[in-house]
1. If you place +1 on the Cβ of every Lys and Arg and -1 on the Cβ of every Asp and Glu, how big does the dipole about the Cα centre of the chain come out, in debye to the nearest 20?
2. Sort 51-62, 91-102, 148-159 by packing, meaning the average of other beta carbons within 10 Å per residue, with the highest value first.
3. Just check the range 175-226 against the gyration tensor rule for me: Cα atoms, a ≥ b ≥ c as the square roots of the eigenvalues, rounded for a/c under 1.5, and otherwise prolate or oblate depending on whether a/b exceeds b/c.
4. Enumerate the lysines that residue 54 could reach by cross-link, defined here as Cα to Cα under 25 Å, with residues fewer than 8 away along the same chain left out.
5. Could you work out [θ]222 nm for the chain from helices alone, using -39500 (n - 2.57) per DSSP H run of at least four and dividing by all its residues? Round to the nearest 500 deg cm²/dmol.
6. Over what distance in Å are the Cα centres of the range 152-172 and the range 4-30 separated?
7. If I take every Cα pair under 8 Å that is 6 or more residues apart in the chain, average their sequence separation and divide by the length, what percent do I get for the relative contact order?
8. Helix by helix, which DSSP H runs in the chain go 15 Å or more along their axis at the Cα atoms and have an average Kyte-Doolittle hydropathy of -0.5 or more?
Amino acid sequence: KYIDEKGFIFFSSIGGVDAHITPGKRVQIHTRKGPVLGVIGRKAIHMLKEEERKKVVELSQQWIDIGVRDKKEAEKMVSIGDPITFWERLERLAGELVVSRGFDDKVGAFVICEVLRRISDKPLRAAVFATSTVQEEIGLRGARTAAYAINPQVGIAVEVDLATDHPDADKKKEGEILLGKGVVLFRGANINAKLGEMLMKIAQERGIPYQLAGASGATGTDANVIQLSRAGVATALMSVPVRYMHTPVEVLSLKDLEAAVKLLSAFVLEIKEGISFIP
């Protein structure tokens, strides 16, 4: 957004970024010449007034330090409009849990790619299109254009969902979604009922663990615009549960990831042209 005279970089968010957790994080600025390492700074706790310690610093008041002396030096390394990501690695926790940044929604892309790999030598009874859509966080834009161009009979969005198996999670509001208990299948206004039932039946027949989530309206995922494309698309939403969504330490279970791959693979191999999804 802005580079001040001392070379400190001010930034804004792309989608939902929690300003509580950004100070003190390492980031990478992705430039034409390659990534530049930086840190998000703020005043040391010793310099904060009592009232400042109780407030969240807005993103517009946080800055990135890349170690330069002035604006001229910074402009040789970065440019206005360069994208920024948290600098975190994929790491194993105990058991089958892993932690990383950006599972929302690199997980969806991974599931789709792994499904394509597993079905690559299998006979298909319907045309299959796989897309990795962009700009979901700022208006579902990639899914909107992809669904319009493909004009499918059926569309399945692969996402992550809020796990509620940690302290302070409100299960009465968000439902009970647990890590390690399977892929999440949604039911509600955004989901075609017959398609949803088909996915649940396949999971039951093959012993694939799944959980149910209810959504009374639009889901806020790509499924929303897929359903509304052209004259309408029979739409479903499957998700992998994730703790601490939209932070650099999102946590998921590899068991749930495998369940999502197995279910979507089985569905793709079973579906055939001519199936009616009219309730």
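1. On the way: 39 positive and 36 negative charges, 77 e Å.
In debye, rounded to 20, the chain gives about 360.
2. Values: 51-62: 11.8, 91-102: 13.7, 148-159: 18.7.
Descending packing order for the listed peptides: 148-159, 91-102, 51-62.
3. On the way: a/c = 2.31, a/b = 1.38, b/c = 1.68.
The shape class here is oblate.
4. List returned: 25, 43.
5. Details: 8 runs with 77 residues, N = 279.
It comes out at -8000 deg cm²/dmol, rounded to the nearest 500.
6. Each part reduced to its Cα centre gives a spacing of 27 Å.
7. Answer for the chain is 21 percent.
8. Details: long enough: 103-119 (24 Å, 0.68); 193-206 (20 Å, -0.26); 254-270 (24 Å, 0.97).
Flagged H segments are 103-119, 193-206, 254-270.
A short reminder: the numbers here are calculations on the coordinates, not readings from a lab. All figures in this text were calculated on a predicted structure; none of them were measured in a lab. Cβ atoms come from the backbone with ideal geometry, glycine included; neighbour counts cover every protein chain shown.
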